[in-house]
Amino acid sequence: RNVTGVQTCALPISALRDTPSLTSELLCAAHESTLLRLHGDLIGAERAARRAAQLNALLRQQLYIEPQLCLAELLQSRGEFDAALAEYHSALTIARRQHRHLDIQRLLSAIGALHERQGRLSEALHVTREALQAATAALDRVNTAAARHQQLARELRQARSEEHTSELQSRFGISYAV
């Protein structure tokens, strides 16, 4: 639907009526809030953000960070920095629990920028260091996984080669003395 000239959630309202999904409604409300905020409609953005928060509480979901994120961004837009930080931290808790490295970095960056905007430079520096540590840890895990993947690929190639050699030996009756 079109709200104040902004195209909102692509999921038609009729689809929600036909097959109600509170999770889809929650995500649509969060995204609608963000779009309205970006369009400058803070009242509409707050209404949609509060709806997303209400659905989030009802569902008690701990998978999506959009409800907390849209509310944090809205509160930040209105200058309610401490309330925004609380919402960012709530989203960060969910992202950490799920090891969502990119979201963790985005959230820590937003938190650090907000601290800096408030003149809390030591807190901003602390959060920036925390982001660096989290990124380094994630990179270490990725590198470990990549090394393990390469090792498994070598083992698979070796097993295929041995199987092929064995197949040739049995087919042609060739035996190699070792």
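Laid out as a table, the results:
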quantity: Matching residues, segment 73-94, being of a type outside the set (A, V, I, L, M), free of Cβ contacts under 8 Å to residues at least 12 places away in the same chain and assigned to a helix (DSSP H, G or I); calculated: Asp82, Thr93
quantity: Condition check for Gln169: touching a Ser or Thr at 6+ places or on another chain (Cβ under 7 Å), over 30 Å from Arg106 (Cα atoms) and open to solvent by less than 90 Å² (accessible area, probe 1.4 Å); calculated: yes
quantity: Identity of the residue in segment 120-142, modelled with pLDDT under 95 and among the small types (Gly, Ala, Ser), that ends up nearest to Ala72 (Cα to Cα); calculated: Ala131
quantity: Filtered residues of segment 92-102 (kept if of a type in the set (A, V, I, L, M, F, W, C) and open to solvent by 10 Å² or more (accessible area, probe 1.4 Å)); calculated: Leu102
quantity: Test: residue in segment 53-69 that is touching a residue at least 12 places away in the same chain (Cβ under 8 Å), part of a helix (DSSP H, G or I) and over 23 Å from Cys28 (Cα atoms); calculated: no
quantity: Selection status of Gln105, touching a Phe, Trp or Tyr at 6+ places or on another chain (Cβ under 6 Å) and surrounded by 13 or more Cβ atoms within 10 Å (Cβ to Cβ); calculated: no
quantity: Output for segment 49-61, where each listed residue is touching a Cys at 6+ places or on another chain (Cβ under 9 Å) and within 13 Å of Glu73 (Cα to Cα); calculated: Ala49
quantity: Sole residue being free of Cβ contacts under 8 Å to residues at least 12 places away in the same chain, part of a helix (DSSP H, G or I), surrounded by 15 or more Cβ atoms within 10 Å (Cβ to Cβ) and not basic (Lys, Arg), chosen from Glu116, Glu155, Glu163; calculated: Glu116
quantity: Segment 76-91: number of residues that are within 20 Å of Leu27 (Cβ to Cβ) and surrounded by 21 or more Cβ atoms within 10 Å (Cβ to Cβ); calculated: 3
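The values are calculated or read from the model by the stated rules, or taken from the named source; none is laboratory data. Keep in mind it's a predicted model, so treat the numbers as computed, not measured. Here Cβ is always computed from backbone atoms with ideal geometry, including for glycine, and neighbour counts include all displayed protein chains. We work out accessible area using only protein heavy atoms, side chains counted, and drop any ligands, DNA or RNA first. Shrake-Rupley method; radii C 1.70, N 1.55, O 1.52, S 1.80 Å.
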